[in-house]
Each structure stands twice: as C-alpha cells, then as structure tokens.
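Q: Got a structure for you, questions after.
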Amino acid sequence: MFAGCTSSIDDFQLEIWSPNVSWNYDADVPVFFSCNIKDSDTILWESSIDGRLGSGNEFFRKLSSGSHEISAVDTATNKKSVVTVFVSETADNGMSVQMLGDLPRTIECENGYGGLALVSLDGSVENLEINCGTKEKQMFNENCDAIKRDVSFRTETASLKMLPPSTGRFASKDDTEKTFYVMNTGNTGGSPHEISAKKYYSGKNVSAWIPENFDGEKFFLDKCIEKFETIIYPRVTQFWGKCADINGDGTISILFTPTINQEKMAVGFFNSADFFRNNRNSSDSGYNPYSNEMDIIYVAVPDESDSNYNVNSLIATLAHEFTHSINFTNKTWIRYLNGESNAPQEEIFLDEGCSHLTESLCGYGVSGGNKDFVNYYLENTGLYSLTGNDYLGRNDSVGKRGAVCMFLYWLFNKAGGISYADNGIDFIDNGGISFLRKMVSSDSVGWDSIGVYFKKSTNALYMEYAKELATKKVENLFDMKKTDPITLEPIFICNRIKTNSLDGTHKVLPWSITIFNLPQNDAIIIDGKKTTGTVYVIRTPKN
C-alpha cells in the first residue's frame, strides 16, 4: 500500500507506513492503517480525537474530521511512532451515505430520495438480492466478442538481459529490409510469425515497415502514417514523455502486419520484450528468443471494409500502443537502466485505462471507437471492478477498460485538464498533464499510484467520483460539447448510464458502482450470501 515514512529510522524501529503525513483524507472514507511490524497483534493504534482505533499491522477505520495525531505502539517493545494527518469533513449535498454492514438490511425510501447506489471499495457481496415488490427483468447487452484494442503481452522482464540504448541489431536509417518476429494475437502461447518486411517510410519521428509482398492500398497507409507523424506523436509525447530509442535510429517503428487482421483478436499491440536482448543465438540467460531489439508498435493493415481496421481505428490504436511504449519506458525501463533489477511494471487495468484515455485526448475517441468501451461499462456499471476481475472472471474486458478510462478522465479534469495552443496541436497544461505524469513517475503501481498527484488515497477519490456519478449522472459529469480543434470530434462522449432493476440477483464486486432507481415504496430489503470489506449505500436526492 502507501509508504508514508516520516523520518529516517532503522529496521528495528516502529515505522508508520499509512496514513501518510503528506496526504489528505475524507471523513466518509476508511483510512488504511499499516506499519513495518508484520503479523503482530501487539501494535495498538490511537487517535488524539477518536481514541483507540484498533490493533495489528493492517486494517481500515474511518476517522472524524479534524487534525489527528496518530500513534502506533508496539506493546511488546514499547516502541512508538507518531504521525499527524488532517481529515476533511465531507459535504453530502442531500445524500445519505451509510455502510452496508450486516445483511439483511432494510433501507427506508423517504420522500426526497430518488436513487440508490452501492459503492464498493475493497468490499464485495455474493448473491445480492434487493426486494421492493417490483418484477422488472434485468438486461445486459455487452458484446462479449467485441475486439479489444490490443492483446496485452506481459513479459517477466527481471530475468532478461538489457539492451543499453542505441545498441540494437541495427541502428541505421539506411537499413531497408528486416525479418520481424510478430507475436500471435490469436494464440498468445503459440510461436510468433516471421515477417519479411521492407521499410516503407522514414520520417522525423517514425519509421514504417510493410511486408515485402504487400499489395494493399497504400493511400490508407499514408494516411495513418501522416496522422501519426503530425498529430499522434506530438500529442502523446506531450502527455506522457518520450519512448526509449532502443535501436538508436531516432524514430519509433511501426510494422503494418496482416497477421493481426487475420487473427481478429486485436487491432495492434506493443511487446515490452522487444526492449531486451534477443538470446536466440547466444548463451544469454532468460527466455527471450523473439525480441526485435527495437522500440516498435505492431498494427493491422488498413481495411476500410471492416470497422475494426479502418484508418481511424488504426490511428487510435497507434496512439494507444505508443502510450504503452512510453509508459513502459518511464515506469519500468528507466528504472532498469538505473540498476533496479526488479523494476515494477504497471498493472494491466491502469496501463490499458491510460492508453484508452489517450485515444480520446488525441481526438480519436469517437471515430476510433473508444466511446464504445465506455458505453459497454455504462450498460451495467456494477458488473465491472476497476481493479479486479469482472462479473465473468476476466481480468481484462472492454467494459472494464471503459470503466477505468472514464474514472481517469474525471480525474484528469479534476486536476485542471488542458487547453489548446493556437496551432491546435499543442497543449497548455492546466493540471491534467501533470496528473498523468505524476501517476506514471510514482514509485507505486496500480490503484495506489492514481491518487499521488492529489495527495489523497485513491479510495477517497473514487468515493467522491461515485457520489458525483450517482447524483449528477454521467450526462452532467463531463462537458460532452468540448471538441478537438484538429479532428473536430467530441473529446469524451458517451451514453446515459443505465440504472439497474432493483429486483433480482446481483453481485457487488470490489471497486465497483451499481446504481438503482428507488421506488415509491416505504422501504427496500437488501440481502445476500456474504459481505466482505467496505460497501457503502448511497441514497441520492431526486433531480
């Protein structure tokens, strides 16, 4: 979780890791308490305001508003550590916010309340049943066969041999032919394809490659390359920074490969293994025989007869995969170069969410299809956990990607967003870019890294977001009239959130939001098989 060290102490002293003295907390969100003494019930925690808080190494507890002096004492050694944290009072604006607690639970539906939401932080409920006397049928319309933007190739990089920058197998812009290893997107455990390719384009920022026997329409290739060179490259690098130049040619390479079209599982991908040494013909340790030893993006061949592979979808995918390559550079690769043998890799949910957000911020969220991912989520928000598996047990799905993308966009705007320079391409950072950069450069990964810019726990931010989503509805949460000055597309546009039928069986997942319309009955009954962790019941005022 969070590392909140307040002084330099050795391993034999008691150290409070969380709460963190430099972070802000809200009164309605449980605070995580943790220290460096593991698996010990001898640690007692107290607050100068709330008194005895609990015992042990890890637990959650809400704190009253105000400035707290938090102390942790190891009763076995009498060692003590103290931090001071501030907890803000939360204005609920007519909402009723309560812990779900033990089941069954009766919720009164007094006049003035029009909606109900179940908001899970770390909590879950199995076989949740809500009974109010109605018999509406719950519908769900996700296309489970929808093509995700990419297939995520996760390489255990700790055992691989590094390639120092500019020492790849070829580093000259004069090279015009090469055999590429291309991972099989239809069978990720299968052998890669070997593609003999020729250099088709060499520009300021990008080199493009096509198969030697390519016989497709080059007009659409040119359009993809031109948009990447003039719009995607400058914008993505402004958001996230630069990609490592592994092979030293001064460009990011793109390979257009028909194998992706044929396998119909993705539109493109980035493979971090390409940053490391190919050991196919050497005695180097680590299994990495298919590295192309270069910074490269793989993308399908343009096909205007298939919406998954039309030009705009490919341009959006190039923005998406370029973001992956930059964020791997900044989160993982640079740390390897600095000697961290176990440098962290970003968790899949956040890595994909950042890349989908980039598509929209670059002006291709509508025509490229990113809005569809958000709409899958809005069809039934409760079926997707932002950080864990979805309702079908998948750790990566179109709806989950849409959920994370929407939360990140809300945070991007909360930080201040961006405005546009006179040329329409460049951005003026009003806080949004700083939020993105801080998240990627932080030492933590996944959920914990999201709140670093705001100096708040991500749980507190998610609770704030959930309240706004439940109260304002998504159509009022974002400015959907805001358009990109170059592409003229809406930056972020999506459907209205679909509320759930109260009657029926539901499943509350960790870090999820489920929104219902309240009936005119006097009360509803919430029941279920098992409740774990923190789940809130929010009743929202009528619009």
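The values are calculated or read from the model by the stated rules, or taken from the named source; none is laboratory data. Computed from a prediction, not measured in an experiment: that's the story for all the values here. Every residue, glycine as well, gets a Cβ built from its backbone with ideal geometry; the counts of neighbours run over all protein chains shown. All accessible areas refer to the heavy atoms of the entire protein, side chains included, with ligands and DNA or RNA removed. Shrake-Rupley method; radii C 1.70, N 1.55, O 1.52, S 1.80 Å.
Q: With among the aromatic types (Phe, Trp, Tyr), out of contact with any Cys (no Cβ under 6 Å at 6 or more places or on another chain) and part of a loop (DSSP other than H, G, I, E, B) as the only criterion, which of Tyr391, Tyr462, Tyr376 stands out?
A: Among Tyr391, Tyr462, Tyr376, only Tyr391 is among the aromatic types (Phe, Trp, Tyr), out of contact with any Cys (no Cβ under 6 Å at 6 or more places or on another chain) and part of a loop (DSSP other than H, G, I, E, B).
Q: Now for a different question. For Asn380, state whether it is open to solvent by 30 Å² or more (accessible area, probe 1.4 Å) and not basic (Lys, Arg).
A: Here the answer is no, as Asn380 does not meet what is asked.
Q: On to the next question. How do the pairs read when you match residues in the stretch 469-487 that are farther than 21 Å from Ile497 by Cα with residues anywhere that are at pLDDT 85 or above and open to solvent by 40 Å² or more (accessible area, probe 1.4 Å), using Cβ under 7 Å and keeping only pairs 6 or more apart or on different chains?
A: Going by the 7 Å Cβ cut-off, the qualifying pairs are Pro485/Tyr420.
Q: Among the listed residues Glu212, Glu263, Glu217, Glu226, identify the single one that is in contact with a strand residue (DSSP E or B) (Cβ under 7 Å, 6 or more places away or on another chain), of a type in the set (Asp, Glu) and surrounded by fewer than 20 Cβ atoms within 10 Å (Cβ to Cβ).
A: Exactly one of Glu212, Glu263, Glu217, Glu226 is in contact with a strand residue (DSSP E or B) (Cβ under 7 Å, 6 or more places away or on another chain), of a type in the set (Asp, Glu) and surrounded by fewer than 20 Cβ atoms within 10 Å (Cβ to Cβ), namely Glu212.
Q: Please work out which residue is nearest to the chain's Cα centre (by Cα), limiting yourself to the stretch 282-340 and to residues that are surrounded by fewer than 22 Cβ atoms within 10 Å (Cβ to Cβ) and small (Gly, Ala, Ser).
A: In this case the residue turns out to be Ser307.
Q: Further, regarding this structure: From the set of residues in the stretch 432-459 that are out of contact with any strand residue (DSSP E or B) (no Cβ under 8 Å at 6 or more places or on another chain) and not in a helix (DSSP H, G or I), which is surrounded by the fewest Cβ atoms within 10 Å (Cβ to Cβ)?
A: For the stretch 432-459, the residue satisfying everything is Asp443.
Conditions (1) in a strand (DSSP E or B); (2) at pLDDT 90 or above, marked per residue:
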residue	(1), (2)
Cys5	no, no
Ser8	no, no
Tyr25	yes, no
Lys38	no, no
Glu46	yes, yes
Ser71	yes, yes
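Q: Within the stretch 476-490, track down each residue that is of a type in the set (A, V, I, L, M) and part of a helix (DSSP H, G or I).
A: Leu477
Q: A further question on this structure: Which of the residues spanning the stretch 351-377 are over 13 Å from the mean Cα position of the chain (by Cα), among the acidic types (Asp, Glu) and crowded, with 24+ Cβ neighbours inside 10 Å?
A: Correct list: Glu359 only.
Q: Looking at Pro19, Pro30, which one is of a type outside the set (Ser, Thr, Tyr), modelled with pLDDT of 85 or more, in contact with a strand residue (DSSP E or B) (Cβ under 9 Å, 6 or more places away or on another chain) and closer than 24 Å to Val119 by Cα?
A: Being of a type outside the set (Ser, Thr, Tyr), modelled with pLDDT of 85 or more, in contact with a strand residue (DSSP E or B) (Cβ under 9 Å, 6 or more places away or on another chain) and closer than 24 Å to Val119 by Cα holds for just one of Pro19, Pro30, which is Pro19.
Q: Further question on the same structure: Can you find a residue in the stretch 415-431 that is part of a helix (DSSP H, G or I) and either open to solvent by less than 30 Å² (accessible area, probe 1.4 Å) or among the β-branched types (Val, Ile, Thr) (or both)?
A: No; the residues of the stretch 415-431 include none that is part of a helix (DSSP H, G or I) and either open to solvent by less than 30 Å² (accessible area, probe 1.4 Å) or among the β-branched types (Val, Ile, Thr) (or both).
Q: Just to be sure I understand, how many residues within the stretch 270-308 are in a helix (DSSP H, G or I) and either closer than 16 Å to Ser355 by Cβ or hydrophobic (A, V, I, L, M, F, W, C) (or both)?
A: 3
Q: Residues that are β-branched (Val, Ile, Thr) and buried (at least 17 other Cβ atoms within 10 Å of the Cβ): does the stretch 44-67 have at least one?
A: no
Q: Looking at (1) at pLDDT below 95; (2) assigned to a helix (DSSP H, G or I); (3) among the hydrophobic types (A, V, I, L, M, F, W, C), find the lone condition where Ile246 falls short.
A: Going through (1) at pLDDT below 95; (2) assigned to a helix (DSSP H, G or I); (3) among the hydrophobic types (A, V, I, L, M, F, W, C) one by one, Ile246 breaks only (2).
Q: Ok, one more. Can you find a residue in the stretch 174-186 that is open to solvent by less than 30 Å² (accessible area, probe 1.4 Å), at pLDDT below 75 and within 29 Å of the chain's Cα centre (by Cα)?
A: no
Q: Next up: So which of Glu263, Glu226 ends up being free of Cβ contacts under 8 Å to residues at least 24 places away in the same chain and not β-branched (Val, Ile, Thr)?
A: It is Glu226.
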